[in-house]
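Structure, as structure tokens:
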Amino acid sequence: MKQKISIFLVFLLIIPFFAFAGGDKEETTDGPKEVTLRIWTKAGATEEWRGKAAIVAAKELNKELESEGIVVTVEAVQETAGWGDFNKKFTMASEAGKGPDILCTGHENIAVYGSTGYIVPLADSVKEIKAMAPEFDDVIDGLWAMTAWKGQIWGIPQDTEARPMFFSKTKLKELGWSDAKIAALPDEIAKGNFTLDDMIATGKEAIAKGVVKPGYGFWSRPKSGGDFIQYYMAYGGQIYDPAADKLVIVKKALLDWYKFQRRIVTEGVTPKNFLGTDWGIWHDTVSHDNVLFFPGGVWHFSEWATQHVQDIGGYDYLFKNFGYALQPSGRRGVAAQQMSHPLIYVVVSEKASGDSNQDLAVRLLEKMTTTELYTKHAVESGHLGILKSQADYAPYKADRLLSETLYMLDHAFYQPNHPYYPSYWSALWTNMEAVQNGALTPEEGVDAVIAVLKAEIGDAIIIK
């Protein structure tokens, strides 16, 4: 029988979070001990395997538990609300001792949830977590660093991704670019031969020649997100000093980044007051080949193919019209990079969940971490694999986009696991938005960031 997963829409202002958390999670019967494990995930229409994998994996776990007199049932709650509401819901539930047993979240939340006691460490080292199960040993070695905090391992990687700079091959061809030049663009970007300056110049040329409308040369994501920090890094930025365990601001890089965000508006390649554009408008506009350059995630390809251009060719249309590369460097001759943002499964503490099923939760995660289940999620949602075995797994290799963007992980950087990072990012975003909209000059924006960070996190910040 086909498995079905319950999808819940949570409206925090209307429905109390208690509606999702009520009732005891264990029931005692004359037969096997019945244990309900609850998993909460943030998932869009193509990402149901984040929670569905737990339901499938429970079948395998129950085979092992039969001799122990235990039967596990999984309740998967998958949110379609934004990350802010999802994080707020988890925090409120945890404070009340009504959280789930397993949470799927961004790795950067480890320090925040760990310091508040909402989640528990799983191992004292990478060596120890890998020895716990062959499934964990299959995880790509470099991804374990994103689950570490204070010398311990706090989560199991769920997925990761590449965040390319997409470009319109058809628009570049209209500009007079040859097929060979278009095909070579990703390599030119990777080497630092085609920079953010070149992207702006190309966008201005496309507007001047009527290839795209004014303001359609470059569209960033329309709302707050860590993606923007890619451009701070493109100008030589640094986020974190692991030796000192402190966050870092490089003033020159921050200024250059803010100047870039203002330039895209003043030079006409991005519309005025662009930030805040509805996501639906953004997706529809870029997927229908109306914008020359636009950064996004590989998972957007699946969303575009199935929800925006499905009636005009789907994936075939996308591959025909768009190319993808690393995020261009802001400095000529300096290699390009991109940010990757692994999601992880964490195990919720007894204090936050109200139960003591942490060991069973880890055993369920073992059964979820398989080549088959992770590939189902990767292919359906457009996320890169996180298991070594997936590289040679036929269903994964057959996906063109995932195969062609896998190299981007070799050029990836990650946000740090630091308890003050949310404050750090908030200061950068708030002032970047003000600079782009013209409310602050780039110089004023930099001064404002430094003032806020000195006041809010003090000794936890290094200013260079």
Restricting attention to region 280-293, does a residue exist that is assigned by TED's automatic domain parsing to the domain that holds Leu453, closer than 19 Å to Gln338 by Cβ, surrounded by 20 or more Cβ atoms within 10 Å (Cβ to Cβ) and among the polar types (S, T, N, Q)?
-> no
Flagged pairs (Cβ under 7 angstrom, 6 or more apart or on separate chains; first in region 111-129, more than 14 Å from Lys150 (Cα to Cα); second β-branched (Val, Ile, Thr) and not in a loop (DSSP other than H, G, I, E, B)) are Tyr118/Val348; Ile129/Ile153
Given the conditions (1) surrounded by fewer than 16 Cβ atoms within 10 Å (Cβ to Cβ); (2) modelled with pLDDT of 95 or more; (3) not polar (S, T, N, Q); (4) not assigned by TED's automatic domain parsing to the domain that holds His107, report the number of the one that Ala244 does not fulfil.
-> (2)
Name every residue in region 130-140 that is touching a residue at least 40 places away in the same chain (Cβ under 8 Å), of a type in the set (D, E, K, R) and either in a helix (DSSP H, G or I) or touching a Pro at 6+ places or on another chain (Cβ under 6 Å) (or both), in order of residue number.
-> Glu135
Considering Asp256, Asp284, which residue is charged (D, E, K, R) and free of Cβ contacts under 8 Å to residues at least 40 places away in the same chain?
-> Asp284
Go through region 242-272 and give me each residue that's at positive phi and under 25 Å from the mean Cα position of the chain (by Cα).
-> Asp245
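Any chance region 33-52 includes a residue that's of a type in the set (A, V, I, L, M, F, W, C), assigned to a helix (DSSP H, G or I) and in contact with a helix residue (DSSP H, G or I) (Cβ under 8 Å, 6 or more places away or on another chain)?
yes
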If you take the residues in region 38-57 that are within 12 Å of Thr80 (Cβ to Cβ) and touching a Gly at 6+ places or on another chain (Cβ under 8 Å), which one is surrounded by the fewest Cβ atoms within 10 Å (Cβ to Cβ)?
-> Thr46
Test: Tyr216 is under 17 Å from Ala427 (Cβ atoms) and in the same structural domain as Ala190 (by TED's automatic domain parsing) = no
Do we find a residue being more than 24 Å from Ala162 (Cβ to Cβ), surrounded by fewer than 19 Cβ atoms within 10 Å (Cβ to Cβ) and in the same structural domain as Lys98 (by TED's automatic domain parsing) anywhere in region 342-352?
-> yes
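Can you go through Thr277, Thr270 and tell me which one is in contact with a Ser or Thr (Cβ under 9 Å, 6 or more places away or on another chain) and either over 24 Å from Ser426 (Cβ atoms) or surrounded by fewer than 19 Cβ atoms within 10 Å (Cβ to Cβ) (or both)?
Working: Thr270 fails: either over 24 Å from Ser426 (Cβ atoms) or surrounded by fewer than 19 Cβ atoms within 10 Å (Cβ to Cβ) (or both).
Exactly one of Thr277, Thr270 is in contact with a Ser or Thr (Cβ under 9 Å, 6 or more places away or on another chain) and either over 24 Å from Ser426 (Cβ atoms) or surrounded by fewer than 19 Cβ atoms within 10 Å (Cβ to Cβ) (or both), namely Thr277.
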Yes or no: Ser178 of a type in the set (S, T, N, Q), touching a Leu at 6+ places or on another chain (Cβ under 7 Å) and farther than 20 Å from Ser329 by Cβ?
-> no
Filter result (in contact with a helix residue (DSSP H, G or I) (Cβ under 6 Å, 6 or more places away or on another chain) and among the aliphatic types (A, V, I, L, M)) within region 78-98 | Ala93
Being under 30 Å from Trp40 (Cα atoms) and assigned to a helix (DSSP H, G or I), is that true of even one residue in region 430-446?
-> yes
Just need a number here: residues in region 281-303 that are modelled with pLDDT of 95 or more and assigned to a helix (DSSP H, G or I).
-> 7
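The values are calculated or read from the model by the stated rules, or taken from the named source; none is laboratory data. Since we're looking at a predicted model, the values are computed, not measured. When we count neighbours, we look across all protein chains shown, and the Cβ atoms used for this are built from the backbone with ideal geometry, even at glycine.
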